[in-house]
Structures are given as structure tokens and as C-alpha cells.
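This report refers to the structure that appears directly beneath it.
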Amino acid sequence: MTAPALPVELFDLVIFGGTGDLAVRKLLPALFHRFADGQIQPGSRIIGVAREGLDDDGYRAQIRSALNGAAAKQGDQLDAFLKLVHYRPLDARKDAGWDDFAKLMGECPDHVRVFYLSTSPDLFVDICQRLGGYGLNQGQSRVVLEKPIGKDLASANRINDDVGQVFAESQTFRIDHYLGKETVQNLLALRFGNALFEPLWNAGHIDHVQITVAETLGVERRGPYYDHAGALRDMVQNHMLQLLCMVAMEPPSSLSPDAVRDEKLKVLHALKPINESNASQLTVRGQYRAGVGEGKSVPGYIDDLNSTAKSKVDHSNTETFVALKAEIANWRWSGVPFYLRTGKRLADRVSEIVVAFKPVPHSIFTASAGPLAQNRLVLRLQPDEGVKLWLTIKHPGPGGLRLRHVPLDMSFAEAFGVQQPDAYERLLLDVVRGNPTLFMRRDEVEAAWNWADPILAAWAASGEAPRPYTSGTWGPSAAVALIERDGRTWDEDFEQ
């Protein structure tokens, strides 16, 4: 049984980029599910904003088509939801339409106002300045910034400075949807709600940690953006560092937003630098080539890039894969490596955290019993969110003592009998509530860029191209060597 879904107060949620992929595939379905569960009250408004010349009816027709699958079992709830949906055509850099938009917003002055910037980061400042010019940043107004926030520390600071002139830090929600995933939040419950784990959560008992975020898809329609970003900016600097922080942070004094974020910030500050002096030993970057993905032939990165780019290219130094070894210089984690890897067109779609405990100091079993494997705590973020604890037990039956490595396996869907909410469902309503716990504070963004920038600079200075890897594999062979030279191996028991 799940906890009851409590309604939030009346709000206006404006999605800039309301016809874009994120809005249509993620944000609007998330809002519909929260409406269907009774958390969004009639009277709230969802307003799509984009350059396309649509009206309310035209936008609703698009959303109806996009939500047909999600709404299949909800009957006439889709009609009720669509009554909340409105649309206004706007260009962030032109005056036309802004007076009409401001008039619409003024119709419900007591509503919480959420402005979700599902746009290119180079539009963040223009949109915020216009919102401020019309006085729409007053009262219970909040702005949500999608990643990436900048391409490096300097550009991130410019964006944060300019947005900060319109919206106070308390009004600014920098979203990382990975922090909304059920398993990530369960890290807090597992560590700090169970006497079993927290006493062992340190260098004395943990051998290493692995964090994998693997995709089977290529860059798809994101090619033009991705070629200017790459895997480090797109995934490591934000999503993966946030996961690392959740694993490694000290116990906060409470679950208040700043108590949690203060502890995450300490982890970022404690990360050992990776720069020109050690990047070649601690990092691997790759780029996918043609191969087989999900049972069919798929093109390489350059072909994928040229299918969406305005101008064709015959080479690119953008990485689609990153593996690295990070270390945290503090008492709890001294000497414990954190192995991170992420990439596109890999062998499986999976996101998981593996906490590998140290082996027993002395085995009392004979060789005929079989090998003793390390205990592992595996937290699966996607697909099939759940928690798995691998233990060694005796194989049942006569014939002598034989050891077997088996999991205590808990699937959220099976254990609670319900479909787990999408991360955006939780995070969007947290913004309405004004709860910033699962959002990045400005100093977190700065600390993450401070660590990532020297890696990018080291790669640029080396002049080396990303290592090629065949689509449908687990990346360059150098990524295997990165972990195996430490006597460890990547966890790939995804089918078990």
C-alpha cells in the first residue's frame, strides 16, 4: 500500500518550450498522472508556451494525442485534465504576445506560479528578464531551470547571476530528474533508517562503489545539442555526481532542504582533482561506431549526427561514453574508489548503483564449497526500480556444503503493487509546494563544474580523439582496463 496522495494548492504551471520533446514526453504525462491521482485540483492551470502559432484547442489536440497511451485506463479524466491546459504563442526574444500572456497570468493572482524553462539554456536569461519586466516574479513565483546550466563554470555563473537578478535563490529550482527517482530517495531510508547499513557505510567495510547509467539509444534528435556537450557535460557533471553525493554524503542533521544539500556540497568539495596530471590514468572517453543495438543494425555517431545537423561533418571529438575513477578525500571514504561510467549505444539500458563490500577476512570453507563472493548492495534506478542485496548461503540439500551467491530482491512494483511515479511527477509538485530538497543549490552547481572543468581541459590539451567502440557493447576496452587494473570488474549481472 502506498501513502495517500495529498493535493497541492492551486497553481499555474507555465512550460516554456511547451511543444518540445521534454514537455510532451515527460512533463505533461507527469502532470496528468498527478491529476488522475487527485493531487492537482480543478482550477489549476497548465500553460504551454512556444513559438508555434497554436491556440488552446490546437495545443490540447496535440496533448490529447501524446497522452492517449498514458490515459487509456483513465476514461474521461483526460477531458477533465485538458480543461486545465492552455497555450500562448511567444518568442522569448520578441515583444509580440507578452502583453496577452501577462494578462492571462493576472487572472489568477493568488495561484502559485511555476515557470518551467524547458528550453535551450541560452534563453533562460531572456525569459527571466521578461518575466521580471511584467512583475511575474513576485509573490509565490518560482522558476525551474533544466540542465545543463552552462557549458562550464564561467557560463554557469553568468546564467545564475542573471537569473538571480530576477528570481531569488529561494525561488530558483535547478532540476535533476535523477534525484526524483524512487531508488535514489530510498538511499536515505536505507542508510539512515536501518541500523544494518550505516555502521558499515565507510572505508572500513566498503571495497568500492560503481555507478552506471547506460543507454541503448544514440543521440537521436539531440545531435546538434549533444555535439556541443558530450557525455561528461550531459550526464557526469550533473546526474552522476548527484548520485555519488547521495551515496557518499554524511548523515544530515535532518531532512530539511539545506541540511541535505549542505552534506552533498561537502562531498563535491572533497572530490580529488582530475586534471592534466592524471586524467589519462583516471578517465576513458569513447565514441560509438556502427553496430547492433536492440537487435538491429544501427549507424555510428557521425551518421547519427549528420542526420539532424544543418551542416555535415566527417569527424567529431565529442565523447558519447565516459568512464572514470573518482575518490573522495575524507575520513569516511579514504581509499575507496568510485567508478562511474555512462554512454550511449551500450549493450543494455540500465541505471544502477553498486556498493561492493569488502570480502570476509578469512574463509573457513574448503575449496570444494565454491568461491566466496563479495556482498553487494545493488540499487536499480531503471528499468524496474528496486533494491537487491547479494549474500552467500549454503545450497540446500545433501551432498556436502556448497556455497551459493543469491540476492534478496525487492522490486518496488511487486512489493507495493503499484506503478511507481515518474521522477518528474514528484519533482513538479515539490516545486509547487516550494520544497527544494531534491533540487540543486547554486553552490552545488559551481562545485560540480569546478571538478569537471579540469577534466574537459585535460582532454582538450591532450589532442586525443575519443576511443571508438562498437554499438551494442559496453564501451571501449580501455574502460574495462580502468577497473580491472585495480583487481575489480564492472558489475553486469543485469539479467539476474
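The values are calculated or read from the model by the stated rules, or taken from the named source; none is laboratory data. As the structure is a prediction and not an experimental result, all values here were calculated from the model. Backbone-built Cβ (ideal geometry, glycine too); neighbour counts: all protein chains shown. Side chains included, ligands, DNA and RNA excluded: accessible areas come from the protein's heavy atoms. Shrake-Rupley method; radii C 1.70, N 1.55, O 1.52, S 1.80 Å.
Considering the range 307-354 alone, what residues qualify as being of a type in the set (S, T, N, Q) and either modelled with pLDDT under 95 or open to solvent by less than 10 Å² (accessible area, probe 1.4 Å) (or both)?
Within the range 307-354, Ser307, Thr308, Ser311, Ser316, Asn317, Thr318, Thr320, Thr342, Ser351 qualify.
Test Ala80 against the stated conditions and say whether it is under 22 Å from Leu28 (Cα atoms) and either out of contact with any Lys or Arg (no Cβ under 6 Å at 6 or more places or on another chain) or part of a helix (DSSP H, G or I) (or both). Walk me through how you get there before you give the answer.
Numbers: under 22 Å from Leu28 (Cα atoms): yes; either out of contact with any Lys or Arg (no Cβ under 6 Å at 6 or more places or on another chain) or part of a helix (DSSP H, G or I) (or both): yes.
Taking the combined requirement at face value, the residue satisfies it.
Which one of these does Leu241 not meet: (1) part of a helix (DSSP H, G or I); (2) closer than 19 Å to Lys272 by Cβ; (3) in contact with a Ser or Thr (Cβ under 7 Å, 6 or more places away or on another chain)?
(3)
Which ones in the range 450-495 are of a type in the set (Lys, Arg), within 17 Å of Ala326 (Cα to Cα) and touching a residue at least 12 places away in the same chain (Cβ under 8 Å)? Spell out the reasoning first.
First, the residues of the range 450-495 that are of a type in the set (Lys, Arg): 467, 485, 488.
Narrowing further to those that are within 17 Å of Ala326 (Cα to Cα): 485, 488.
Hit for the range 450-495 is Arg488, nothing else.
As an exercise: evaluate Pro224 against (1) within 24 Å of Ser120 (Cα to Cα); (2) surrounded by 19 or more Cβ atoms within 10 Å (Cβ to Cβ); (3) in contact with a Leu (Cβ under 9 Å, 6 or more places away or on another chain) and give the number of the one condition it does not meet.
Of everything listed in (1) within 24 Å of Ser120 (Cα to Cα); (2) surrounded by 19 or more Cβ atoms within 10 Å (Cβ to Cβ); (3) in contact with a Leu (Cβ under 9 Å, 6 or more places away or on another chain), Pro224 misses just condition (2).
Could you check, for the range 284-293, whether at least one of its residues is part of a loop (DSSP other than H, G, I, E, B), under 23 Å from Ser477 (Cα atoms) and free of Cβ contacts under 8 Å to residues at least 40 places away in the same chain? Lay out the reasoning, then the answer.
As a first pass, look at the range 284-293 and keep what is part of a loop (DSSP other than H, G, I, E, B): 290.
Next, only the ones that are under 23 Å from Ser477 (Cα atoms) stay: 290.
Now narrow it down to the ones that are free of Cβ contacts under 8 Å to residues at least 40 places away in the same chain: none.
No, that holds for no residue.
Residue check: is Asp304 part of a helix (DSSP H, G or I) and crowded, with 18+ Cβ neighbours inside 10 Å? So that I can check it myself, show each step before the final result.
Working: part of a helix (DSSP H, G or I): yes; crowded, with 18+ Cβ neighbours inside 10 Å: yes.
Taking the combined requirement at face value, the residue satisfies it.
Condition check: out of contact with any helix residue (DSSP H, G or I) (no Cβ under 9 Å at 6 or more places or on another chain) and open to solvent by 30 Å² or more (accessible area, probe 1.4 Å). Does Ala367 satisfy that? Before the answer, list the steps.
On the way: out of contact with any helix residue (DSSP H, G or I) (no Cβ under 9 Å at 6 or more places or on another chain): yes; open to solvent by 30 Å² or more (accessible area, probe 1.4 Å): yes.
Yes; evaluated as a whole, the condition is true for this residue.
I need a count of the residues in the range 123-140 that are more than 20 Å from Cys108 (Cα to Cα) and among the aliphatic types (A, V, I, L, M).
3
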